[in-house]
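Worksheet: one structure, shown below.
We did not get these values from a lab; they are worked out from the coordinates using the rules stated. If you're wondering where the values come from, they're calculated on a predicted model, not measured in any experiment. All Cβ positions, glycine included, derive from the backbone under ideal geometry; neighbour counts span all protein chains shown.
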Amino acid sequence: MSTIVSISTAPGIGGIGIIRMSGEDSFKILDKIFFPKNKQRIEDIKGYSIKYGNIIEDGEIIDEVLVSYFKAPKSYTTENMCEINTHGGNIILKRILEICLKNGAELAEPGEFTKRAFLNGRIDLAQAESVIDVINAKSDREAKSGIKQLEGFLSKEIKDIKKEIMSVLTNIDVTIDYPEYDVPEVEEKQLTTMLDNVEKRLLKLEKSFDNGKIIKDGIQTVIIGKPNAGKSSLLNAILKENRAIVTDIEGTTRDTIEEFVTINGIPLKLVDTAGIREAKDEVEKIGITKSKEEAENADLVIAIFDSSKQLSKEDIEILDIIKNKNVIILLNKSDLNAEIRENDERLLKVTKNILKISALTKEGIEELYDKISEMFNLNKINLDNEVLITNIRHKNIISNAITNIKKAKEQMRLNMPIDIITIYINDVLENLSEITGEFVTEEIINDIFSKFCLGK
């Protein structure tokens, strides 16, 4: 493989910047451009060590740097690697990157360092995918989940399931391939027990995606209400900043506003929507249609009503929109005289989750947070011991494996020959191998790593 190089720190001004290089010729290239204060032969430098010196080109000192050495196979990629720690700033970083390229390195593609770690067998594909989850984590729980995947929790579970399948499949193969030997046929009960156990374990993993998706992507939370009910004021109160325009003029919000926030350790993807009413023009009509669509697809709907006024025709329409949804009703403007109360039967028919708040004074906001925590119960997820699926690719593969388990069980019910049943069992093994990367196309691999940032 060629020797690759890339800037690994984010663009901008900072205390330090890091340029990472990996490949057989890393140290040869480094030897041409890096002049340490205490010169040593590359062979004498230990791995996991740092040397201080200068990057020099044509006799000119480009920067004073620290260089970390990682010798194969004990490195991130299992190849010879080095990391040049420079002063932060785009100019210096780009200059040193260009010098590395001039001396024989090639510019790394997005995620190519992690891709090499996978291709060289240091990590499997599920662990490689978790790297980007750790980098993109928006909450402590998401970061912890990513770290657990990186440590191989999911991979171990997949390998254990495959081992359980193989322990039975091996006996079946012997029976099929060597009927002349005195090998007892696999009892139907043994095969049934294995399929039942594997299906149960896979269903548990599939179900874990419900919580895993929330931890990774956040709870899709839509704020809905009629104009001037207090939707934008609520959004601003939760974000603790003036993100949305708030005026006495109805219909200020004509499109959705999306923001991400973490509350009580729970990630929320907040969507403020256009007020529900009879549209005044085509633009507002589109905004209102979009509001209804967002509410339909939300994990959680927060319906906000102006409690200082009687329920209007628009409010009744909103109650109809949110019925059968995961919903919290907020009676806003609790600082004013109430015309709508928590025991209103029209509200209680939709949900028992009814709270009084004042988006203006922030009264009731903490109670809202507590209610969300209670409804989604994420605090009870034990990330230390539970395997959680957060990746839609993994979830889809597991669903396919469950389908093949069901097909194998159906063939058994139809008393089909054992070699027909094993076709579907082998398909399950192939499905699971797609998660860890033992059975996966180059196209899928390239697609996964194309989502990584440069330098990782």
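Set the Förster distance to 56 Å, then compute FRET efficiency between Asn90 and Tyr369 from the Cβ-Cβ distance, nearest 0.05.
0.90
Determine, for Cys82, Cys100, Cys453, the number of other Cβ atoms within 10 Å of each Cβ, and report the residues in order from fewest to most. Intermediate values should be presented prior to the final figure.
Numbers: Cys82 22, Cys100 25, Cys453 14.
By the 10 Å Cβ count, ascending: Cys453, Cys82, Cys100.
How many nm separate the modelled label positions at Glu386 and Lys163, each set 7 Å beyond the Cα in the direction of the Cβ?
It works out to 2.4 nm between the two label points.
Just to confirm a number: summing +1 for Lys and Arg and -1 for Asp and Glu over residues other than Pro267 whose beta-carbon lies under 15 angstrom from that of Pro267, what do you get? Intermediate results must be reported in sequence, preceding the final value.
Values: positive: Lys138, Arg141, Lys144, Lys213, Lys216, Lys269; negative: Asp133, Asp140, Glu142, Asp210, Asp217, Glu258, Glu259, Asp299.
Within the 15 Å Cβ shell, the charges total -2.
Using R₀ = 45 Å, calculate the FRET efficiency as 1/(1 + (r/R₀)^6) where r is the Cβ-Cβ separation of Ile445 and Gln310; round to 0.05.
Numbers: r = 61 Å, r/R0 = 1.34.
Efficiency at R0 = 45 Å is approximately 0.15.
Can you work out ³J(HN,Hα) from phi for every residue in the stretch 70-83, in order, using Karplus 6.51 cos²θ - 1.76 cosθ + 1.60 and θ = phi - 60°, giving whole Hz and x for Gly and Pro?
10, 8, 4, x, 8, 8, 4, 9, 6, 9, 4, 9, 9, 10
Any idea how far apart Lys204 and Ala72 come out in nm if each label point goes 7 Å out from Cα toward Cβ?
4.1
Listing Ile372, Ile425, Ile316 from the residue with the fewest other Cβ atoms within 10 Å to the one with the most, what is the order?
Least crowded to most crowded, the residues run Ile316, Ile372, Ile425.
Report, in deg cm²/dmol and to the nearest 500, the calculated mean residue ellipticity at 222 nm for the chain, where each DSSP H run with n ≥ 4 adds -39500 (n - 2.57) and the sum is divided by the residue count.
My calculation for the chain gives -14500 deg cm²/dmol from helical runs alone.
Among Met375, Met416, Met21, what is the fewest-to-most ranking by other Cβ atoms within 10 Å? If you can, show how the numbers build up before the last one.
Values: Met375 16, Met416 13, Met21 26.
The most exposed by this proxy come first: Met416, Met375, Met21.
For a label point 7 angstrom out from the Cα of Lys349 toward its Cβ, which stretches of the stretch 305-337 have the backbone nitrogen within less than 15 Å?
Residues 311-325 qualify, since their backbone N sits under 15 Å from the label point.
Past the 24 Å Cα-Cα mark, which pairs from Lys156/Lys269; Lys325/Lys371; Lys240/Lys349?
Values: Lys156/Lys269 32 Å; Lys325/Lys371 15 Å; Lys240/Lys349 32 Å.
Beyond 24 Å between Cα atoms: Lys156/Lys269; Lys240/Lys349.
What FRET efficiency comes out for the pair Thr262/Lys323, r = Cβ-Cβ distance, R0 = 22 Å, nearest 0.05?
Working: r = 29 Å, r/R0 = 1.33.
With a Förster radius of 22 Å, E is 0.15.
By per-residue mean of other Cβ atoms within 10 Å, what is the highest-first order of 84-97, 103-116?
Numbers: 84-97: 17.7, 103-116: 19.9.
So the order, starting with the most tightly packed, is 103-116, 84-97.
Kirkwood hydrodynamic radius (Cα pairs, Å) of the stretch 78-173?
Hydrodynamic radius (Kirkwood, Cα only) of the stretch 78-173 equals 16.7 Å.
Beyond a 30 Å Cα-Cα separation, which of these cross-linked pairs lie in this structure: Lys207/Lys352; Lys395/Lys451; Lys148/Lys323?
Lys148/Lys323
Order these peptides, 259-272, 295-308, by their mean beta-carbon neighbour count within 10 angstrom, highest first.
Ranked from most to least packed, the peptides come out as 295-308, 259-272.
Run the paramagnetic zone check for Thr361: 7 angstrom along Cα to Cβ, then residues of the stretch 320-349 with backbone nitrogen under 14 Å.
332-338
Quick one: if you stick a label point 7 Å off each Cα along the C-beta vector at Lys406 and Asp58, how many nm between them?
With each label point 7 Å from Cα toward Cβ, the separation is 6.9 nm.
For the stretch 1-87, state which chymotrypsin sites (Phe, Trp or Tyr not before Pro) are in a DSSP loop and have at most 11 other beta carbons lying within 10 Å of their beta carbon.
Passing sites in the stretch 1-87 are Tyr48.
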